[in-house]
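This report concerns only the one structure given below.
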Amino acid sequence: MFCDLLAGEGQASWVARRERASAFLPLAESRLSPAHTLVVPSEHAVGIHDASAEALQAVLLLAQEIARAMEASLGARGVNILSASGPGSDQSVPHLHLHVIPRWQGDGLDTWPSTVSNRQLDDAWLDEVRASLAP
Ligand SMILES: [Zn+2]
C-alpha cells in the first residue's frame with residue numbers, strides 16, 4: 001500500500017520526498033493531532049525486523065527533520081514517535097512507518113498507554129534475549 005503511494009499511485013499529501021524516505025499525512029480520520037505525519041522508507045520493509053540499516057537511517061533522519069520543522073513552524077514543543085512492527089503489535093500497514101506526532105503543552109493527548117501487557121515471561125528471559133543478540 002505505501003509502496004503504491006511512493007510509486008505515485010493514489011493520492012497522498014506529501015510533506016517531504018527524499019531519495020530514501022518520504023513523509024506524508026495519514027488519512028484524516030486516523031490523525032492523533034493536527035500535523036500528525038507518517039515517515040516511510042522508499043525501500044520496502046515490513047517493519048523494524050527486516051529493514052536495512054540504510055532504510056532505518058533514512059527514516060530516522062527524516063523524522064528528525066520533520067520534528068525540527070514542526071517546532072520551527074508550528075511551535076510544537078515536542079514530538080511523540082510511534083511505530084508498530086509485526087503481527088503482535090497492532091501494525092496497521094505492513095510497510096515500516098513512523099508516526100511523528102507534534103505535541104504542545106496541555107494538548108490533551110495521552111503519551112503513554114493506560115494499560116500494560118498481561119504477558120508473563122519466565123525468569124530466564126533476559127539471558128535468552130542477550131544470547132540472541134549478535135556478540
Ligand atoms: Zn511497501
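Zone of Arg18 (label point 7 Å along Cα→Cβ, backbone N under 16 Å): which residues in region 40-56? Correct set: 40-44, 52-56. On full extension, the segment bounded by Ser30 and Val46 gains 3.8 nm, given 0.36 nm per residue less the C-alpha separation. Please work out whether region 34-92 counts as rounded, prolate or oblate from its C-alpha gyration tensor, where a ≥ b ≥ c are the square roots of the eigenvalues and a/c under 1.5 means rounded, while otherwise a/b larger than b/c means prolate and anything else oblate? Here region 34-92 falls in the oblate category. Peptides 113-122, 85-94, 17-26 ranked from most to least packed give 17-26, 85-94, 113-122, packing being the mean of other C-beta atoms within 10 angstrom over each peptide's residues.
Ile81 exposes around 80 Å² of accessible area when a 1.4 Å probe is run over every protein chain in place.
How do Met70, Met1 stack up against each other in accessible area, from largest to smallest, with a 1.4 angstrom probe?
Sorted descending by solvent-accessible area, the residues read Met1, Met70.
Semi-axes of the equivalent ellipsoid for region 1-114, computed as √(5λ) from the eigenvalues of its C-alpha gyration tensor and ordered from largest down, come to 22, 16, 14 Å.
Per-residue SASA remark: Leu62, around 0 Å² accessible (1.4 Å probe; ligands, DNA and RNA not included). Remark on Ser22: its backbone amide H falls under 5 Å from those of Val40, Ser42, a criterion applied only to residues 5 or more positions apart or on other chains, H modelled at 1.01 Å from N. Segment Ser132..Asn118, full-extension length gain: 2.7 nm, with 0.36 nm per residue of separation and the alpha-carbon distance subtracted. Around the amide H of Arg103, modelled in the peptide plane, lie the amide H atoms of Arg77, Gly78, Val79, Asn80, all under 5 Å away and 5 or more residues distant in sequence or on another chain. Applying 0.36 nm per residue to the separation of Arg68 and Asp107 and subtracting their alpha-carbon distance, the gain on full extension is 12.2 nm. Could you state the angle between the C-alpha long axis of helix 53-74 and the longest principal axis of the C-alpha atoms of the chain, as a value from 0 to 90 degrees rounded to the nearest 10? Helix 53-74 sits at roughly 50 degrees to that axis. Figure note: Glu29, Glu54 ranked by solvent-accessible area, largest first, 1.4 Å probe, ligands and nucleic acids not counted: Glu29, Glu54. Computed 3J(HN,Hα) for region 103-109, one whole-Hz value per residue from the Karplus formula 6.51 cos²θ - 1.76 cosθ + 1.60 where θ = phi - 60°, is 10, 10, 3, x, 7, x, 7, glycine and proline marked x.
Each residue of region 24-30 was assigned a 3J(HN,Hα) from its phi angle through the Karplus curve 6.51 cos²θ - 1.76 cosθ + 1.60 (θ = phi - 60°); the sequence is 8, 8, x, 4, 3, 6, 10 Hz, with glycine and proline shown as x.
Sequence-ordered 3J(HN,Hα) estimates for region 85-101 from the Karplus curve with 6.51, -1.76 and 1.60 and θ = phi - 60° stand at 9, x, x, x, 10, 6, 5, 8, 10, x, 9, 2, 8, 9, 8, 10, 10 Hz, glycine and proline given as x.
Legend: residues Asp127, Asp110, sorted from most to least accessible area (1.4 Å probe; ligands, DNA and RNA excluded), read Asp110, Asp127.
The values are calculated or read from the model by the stated rules, or taken from the named source; none is laboratory data. Just so it is clear, the structure is predicted and the values come from calculations on it, not from any experiment. Positions of Cβ are generated from backbone atoms using ideal geometry, with glycine treated the same way; all protein chains shown enter the neighbour counts. Side chains are part of the model used for accessible areas, which takes the heavy atoms of the whole protein and leaves out ligands, DNA and RNA. Shrake-Rupley method; radii C 1.70, N 1.55, O 1.52, S 1.80 Å.
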